[in-house]
Each structure stands twice: as structure tokens, then as C-alpha cells.
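Notes follow the structure.
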Amino acid sequence: MSEAGARARELPLEELTGWGRHPVGRARVDRSGTPALPPGGEPVIARGLGRAYGDAALPAAPGGLVIEHTRADRILGFDGDSGRLHCEAGLSLADILKVFLPRGWFPPVTPGTRFVTVGACVACDVHGKNHHRDGSFGQFVERLLLVTADGKRVACGPTLERELFLATVGGMGLTGLIVEVTLRLRRVESPWIVLETVGVEGLEAMLAGLKRSADDWPYTVGWIDCLARDHAVGRGILMRGRHATPMEAAGRRLPRGFPLTVPVDAPEWLLNPLFMRWFNYLYYRLHGGALKRRVVSYDRFFYPLDAVGQWNRLYGRRGFLQYQCVLPRAAGAAPLAAILERLGAAGAASFLAVIKDCGPASDAYLSFPMEGTTLALDMTYRGAASLALIHELNAVVIAHGGRVYLAKDAVTRAEDFARMMPRLAEWRAVRDRWDPGHRFRSAQSVRLLGDRA
Amino acid sequence: MKVAFVGATRGMGRALARALAERGDALFLLGRDAAELALSARDLEARGPRAPVGHAPLDLGRPAGFADALDAADRALGGLDALVVTGGAFGRQEELAADPARLAALLEVNFTGTAVLCQQAAARLATRGGGLICAFSSVAGDRARRGNYLYGASKAGLSVFLDGLDLAYRERGVRVLCVKPGFVRTAMTAGLPVPPFAGEPVAVAAAVVRAMDRGRHQVYAPGIWRWIMLVIRALPRAVLRRVQF
């Protein structure tokens, strides 16, 4: 028996969840940092830093094998002229920032946390505040190295094994283990961000503000007060940023982060609707109103929640659900307003809802973003009521030609997913060619694709 | 510093090698797996200002090869002035108890090999005016426990050796640092039950670099283990007989 096989056999069973802490799975987790398939064809799914909210990195069946690649985090090459970075897939964006930001390089696309691995960024085809201008993560990837179902190492990229590449970007780890990634970093002038914030009175104004800012600002995002009702639905704060020039950043020193952490699960009554209403109201009062311009550090702009370790504990033991959908531009504001109103009526409190305009979809079959508007929010998990609410929201999304983001999803039904993804059949064909036995599968793929458990 | 490093490919060694590279120390990697050494060398070259990072074979279980390995490091670094050994073997008590060959190999690597290498390097450094020897022992060597005395014995021997090496060589300019990690989350300990006060490799690396700079002869990492072991060393034998740990 090979080393990998012996190792996988004797791994202890442990409880495992996504960042939302619901659902809870049981798994054997290989954390050796030498990603390799065990012999014998046992199904596996890769996992990074566990920031996907739902069941994307939980095993297909209880007790199944999960390969965590966070210890495969070596940099294998960097070209200081072009910004081309070649690394093992477990390298985190936090590590990239630590090593390369002082030299003037920044991830080309970053999600709302830096505690994600490069491999996960590819598998989820993550997007960021610059999607309207730059697209998603996969569009900056030049080459991937996969371990495919037969145990072979296969390189792919935009021109090399293109179909496998397009199925892997956004493919949630279901085409193979991503072991190496080559991507292009972006040159930036400073680690500081020139940030403008302005209060907006409603959804139409928010969409117009995002549109107006899109040409001049590489980073835009809106925060919405989910608890505002009636005529105020969609009121919130528009934020737009760009990297500061050395002149604008002169004399500033990055704060040495004092890592706060949530040490224990919050009591379940803490995030009650009244508290949420006040939080949203205060946030709006604080940052809303007239246009303000200031210079902030990159981490305050991109990663405000990273400042609080284990913030997911704020929702208590029962966990929470994250919901993110995108609706095509043509759908306009009405379905977004419908979703917000439905949430309000259900009393499904959210810390904050984030709204963002997306640019054109990428060529990757299952990539989430499409030209239009995306809305992300979280809600305490309340059992069947939460599930019913999400199915209802999904119906609105499907009716308008939108879809949900798999990195956040724990609930969507297979039949709904099929209606959201126009290129699902193409993706399935590529997957079946490379992994006919569906060796790479997860709790999510069992739920959404009908894989065997 | 110009550091010959045994164990830089994984775990705490990987984190410590990165910390040294990032602050500008020159590194030369020694170990068994040439392919792994080459990958880690590329990682360290990208992270630090000092390239290239070279490597050569060394097996802690084969002292006959140590002189050649140190020669290779000396040549590449233009005279090394520090040796760091984080590499070593680990086995669970029940596996070691059941497999005499594996137990012998672990004792050979963790004690004999590491001691012989450090002794050889210390002698070399003393002839050229001094330097630093840093090796990773373990809190497991501070007091025997029924649950891991076999691994613990290999580290107890190493701790005593390093303590003595420091006494013998410090006046000749060779500082010796014995690192005693508590439970640290690495690939080596993956799958073991995680006790309270478990540490992370990056934090251990930072503590070790601080201890190097301050000329300490011993450092516990995470630091709280210093106090935990103070208590455990003071426990009466009758207590140790009764508790299952």
C-alpha cells in the first residue's frame, strides 16, 4: 500500500462545515500537504481554507475523504517584469499579499477575504469589486496543473486542453485536484486605496450610481440596508475605490493588525431583528450622507471582515446561510427589490447585503458572474423556513434568467440549478470525459448534479 | 546569517526557513528528497532577496555523509555560520512499540544523527570564530509520559546534548539554541487529537527568530509551554502513574 493510501485509511473521522457552519458533515481530512489521490478509486473532494459557506468542500458521503491543500503553499516562480506567479494551489491570497504587495503587486481579483487559496479562487472562479472592469479570477490564469481521476498530472490553460480548463475554472473541484496555478498579478502603485463613499436613497439610485462609477473606478460596490422598507428599499452606501498613487499615500504606514477574534459562539438571541435594524441604521448614518473621500489601507477596503477572526461564530451554533445571486442587466431593479422585500417580510435579518454590478460572463461553463447585478446577503439558519425562503428567492432568480453562486450555496435544488445554468450540459460532457466515474464529488455535487453519495 | 538548513521542506522548518529568507539570510537546504528540496528552494528564492538557494543531499540516519553535506553548504554559502536542524522523525507510541526497526530508526535520526551533525558543525564553526547551532527538540523530552516516552526519549537525549554543546562551545563563539515546540499544527501532527495551547508553525518560527537574535540557549514555542512544562516536571511520580496522558 502506498504512503497516500495508508495515510487516507487511518485518518480520524471529524466534523466539518463550510464557513456558514451549516450543514455539518463528517469527513476524513488529509492535511499532509502532498495532494495525491488514494489508490482504489475512493471519491474525494479538495478543500482549501474552508471559506466556502455551504457544502462545496464537504464529502459526498459521511466519512468520505477530503484533501485539504493548505500546506501545499510553495511559490514555484515569479517574474518581476510581467507579474507572472507560479505556485502550488494551497498558497493563500494572504500570503501573496504579504510577499508581493511590498514589491508593488496585487492579486488581479480578490474576494471579500484574503484567507482563500489560489486553488479555491480557480475552482470557484471568484470575483471581486473590479468585476465590472476586469472579470473573474479565471481570466488571469495562464496554466493549471491537475491530478485527474486516473491519477495523471495534466496541464491545461486557455489554449492548452481548453475544454478541461474551462470546466475546471468555476468547476468546484469536480474535474480534478488543482495542484499548481500560474496567474498574472497586477501592478499597483501603493497598498493604499482612495475611497469615496456616498449615501444613496434607493435601489434605482444605487444601480445608477454603480453604473456611473464603472468607467472611472476600478473597484465599486454597494452596501444595502436590508431592513429599510417601502420607499426606502435599497437605500445604502455606494463605495468606489482605486489604488492610491505614492503621492496620495505619502507618509502613511500600514497599521500592524491587531487580530481580534470571536472566541466563542455568540448566543443565538444576539443577532435578533432589532439588533440588526440598529446595526444597519447606525452603519447607514455613519457612512451615508454626502460624498466623502479618504485614503484607507487595502485591507480595510477589501477585507473588513478579516479583521475579526472567526466572525462566523457571531451567528451562534446553528450557523447561517449565505445567499448570492446575479440577475441579468435587462431584468432591471424590480427582481432585486422583490428579493429584498421578500427578505424583509420574512424577518430574515442580515448584517449587510452587498450589491455589485458585473461585467460580461467568462467562457468558463459554470462561472457565476454575468453581465448584470449581483446581490449577496446572509441569514441565520432557521431550518425549514430558511430553506423555503431560499427556494422562493431562487424562483425569482430563475424567472429572470439569473443564477446563484456555488461558493455560497448550501440549499439550491438540482432542478433549479439546471434551470440557472445554460451551459451545464457542455460542462457535464467535459467532466464525463475526464472523470467518467465522478471520482471527484462533494456533498454539493450530490445535491446539485445528482452524483452518487 | 549564512544558514545550512536541515528540514526546510515541511512544517515548522518550512515556516522558519521562510522567516529567515524574508529577513535576508542566505540559505542552503539539506535533506533526503532532492525534488522536494528543489521546490522549497524556489519558494525561498521567491520570498527572500538572496538567490539562488542551493541544496544537497543529507540523511540524518547516515552520519557518514555529514561532512560532504557541510562541505557543499560551505562552498555554496562561502562559509556557513549557522546550522538549523528542524528535521526529524515522528511516530505514534503504539506504532513505535510494535515495530522495533522503526523505533531504532527514529532514535537514530532524532538523537544520534542530529547530535553527530551538530557536534561536527559546532567544531567547524569554532575554528572560524563562531556561529549558531539551532536544533528542534521537543517538550516531549522534558518529562516522560506513558503515551509518548519513545519519541520523548529521543528528544530528551537531544535536549541534554544541546544543553551541553552550548556549555562547551559558547566561549568559543558558538551559540546553541534548543527549540522545544509544544503541540504545533503541522503535517507531522495531522490526524492526532489537538490538545489545548496548540501552536501554528508561523508563530513558532517568529519565536525562534527572536530567540536566535537574543542569543538564548533554549526557547519554548508557543511560549506558554515553558510554564506548562514547569508544572509537568514538578508533578510527583505518583500523579504521573495515575493519569492517562
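The values are calculated or read from the model by the stated rules, or taken from the named source; none is laboratory data. Quick caveat: nothing in here was measured; it's all calculated off a predicted structure. FYI the Cβ positions are ideal-geometry reconstructions off the backbone, even for glycines, and counts take in every protein chain you see. Remember, those area values only see protein heavy atoms, side chains included, never the ligands or the DNA or RNA. Shrake-Rupley method; radii C 1.70, N 1.55, O 1.52, S 1.80 Å.
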Item to check | Spatially proximal aspartates and glutamates relative to A:Lys211 (Cα-Cα < 14 Å; intrachain offsets below 8 disregarded) | outcome: A:Asp357, A:Glu371
Checklist entry - B:Ile133's amide H: which non-local residues (gap 5+, or another chain) put their own amide H closer than 5 Å, with H modeled 1.01 Å from N in plane and none for Pro or chain starts? => result B:Leu83, B:Arg175, B:Val176, B:Leu177
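With the alpha-carbon atoms as the only input, what is the per residue convex hull volume for segment A:115-182 in Å³?
Values: hull volume 5.4 nm³, N = 68.
Looking at segment A:115-182, the number lands at 80 Å³ per residue.
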Checklist entry - Using 0.36 nm per residue, how much length does the chain from A:Asp363 to A:Lys211 gain when fully extended, once their Cα-Cα distance is taken away? => result 52.4 nm
Item to check | Diffusion coefficient, µm² s⁻¹, Stokes-Einstein with Kirkwood Rh over alpha-carbon pairs of segment A:103-145 at 20 °C and 1.002 mPa s | outcome: 199 µm²/s
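Looking at the protein assembly as shown, what % of its DSSP beta bridges pair antiparallel, to the nearest 5?
On the way: 67 of 106 bridges.
Antiparallel bridges make up about 65 percent of those DSSP assigns within the protein assembly as shown.
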Checklist outcome for this item: Computed ³J(HN,Hα) along segment A:311-318: with the Karplus parameters 6.51/-1.76/1.60, θ = phi - 60°, integer Hz and x for glycine or proline, the list is 5, 5, 6, 4, 8, x, 5, 6
Item to check | On Cα atoms only, tilt of B:11-22 relative to the major axis of chain B in degrees | outcome: 30 degrees
Checklist entry - Computed on alpha carbon atoms, what radius of gyration and Dmax characterise segment A:264-408, expressed in Å? => result 16.4, 45
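Net charge within 11 Å of B:Thr189 by Cβ-Cβ distance, Lys/Arg positive one each and Asp/Glu negative one each, not counting B:Thr189 itself?
Result for the local shell: +3.
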Item to check | Pairs beyond 19 Å (Cα-Cα), from A:Lys98/A:Lys292; B:Lys155/B:Lys180; A:Lys98/B:Lys2; A:Lys356/A:Lys408 | outcome: A:Lys98/A:Lys292; A:Lys98/B:Lys2
Item to check | Nonlocal amide H pairs with A:Leu76, under 5 Å, H built at 1.01 Å | outcome: A:His86, A:Cys87, A:Glu88
Item to check | Accessible surface of chain A [probe 1.4 Å, protein heavy atoms]: carbon and sulfur percent | outcome: 57 percent
Checklist entry - How much accessible area is lost when chains A and B come together, counting both sides, with a 1.4 Å probe, in Å² rounded to the nearest 100? => result 1500 Å²
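Express the accessible area of chain A per residue in Å², computed with a 1.4 Å probe while the remaining protein chains stay in the model. Mind dumping the intermediate values first?
Working: 17920 Å² over 453 residues.
So chain A comes to 40 Å² accessible per residue, rounded to a whole number.
Could you give the dipole magnitude of segment B:99-238 about its Cα centre, charging the beta-carbon of Lys and Arg +1 and that of Asp and Glu -1, in debye to the nearest 20? Intermediate values should be presented prior to the final figure.
Numbers: 18 positive and 8 negative charges, 52 e Å.
Using only the charged Cβ atoms, the result is roughly 260 debye.
Starting from the exponent 0.38 and prefactor 2.2 Å, build the expected Rg for chain A from its residue count and divide its actual Cα Rg by it. Write out the running numbers ahead of the final one.
Working: Rg = 21.2 Å, N = 453, 2.2 N^0.38 = 22.5 Å.
With N residues counted in chain A, Rg over 2.2 N^0.38 Å equals 0.94.
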Item to check | From the C-alpha gyration tensor of segment A:53-109, square roots of 5λ in Å | outcome: 30, 12, 9
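Between rounded, prolate and oblate, where does segment B:28-93 land on the alpha carbon gyration tensor, with a ≥ b ≥ c its root eigenvalues, rounded for a/c under 1.5, else prolate if a/b exceeds b/c? Spell out each step's value before the answer.
Numbers: a/c = 2.01, a/b = 1.29, b/c = 1.57.
Here segment B:28-93 falls in the oblate category.
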Checklist entry - For segment A:185-247, max minus min Cα coordinate along each principal axis, in Å, sorted largest first? => result 44, 22, 20
Checklist entry - How much area per residue is accessible in chain B when the probe is 1.4 Å and only protein heavy atoms are counted (Å²)? => result 44 Å²
Item to check | Accessible carbon and sulfur surface of segment B:55-156 relative to its total accessible area, %, 1.4 Å | outcome: 56 percent
Checklist outcome for this item: Here the convex hull volume per residue of chain B, taken over Cα atoms and given in Å³, is 120 Å³
Item to check | Amide H contacts of A:Arg235 (H built 1.01 Å from N, under 5 Å, at least 5 apart or other chain) | outcome: A:Leu203, A:Asp225
Checklist outcome for this item: quick shape note, segment B:112-232: Cα extents on principal axes in Å, largest first -> 46, 28, 28
Checklist outcome for this item: Taking Cα atoms only, helix B:66-77 is inclined relative to the longest principal axis of chain B by an angle, in degrees rounded to 10, of 50 degrees
Item to check | Value of Rg to Rh for segment A:355-453 (Rh from inverse mean 1/r over Cα pairs, i.e. Kirkwood) | outcome: 0.97
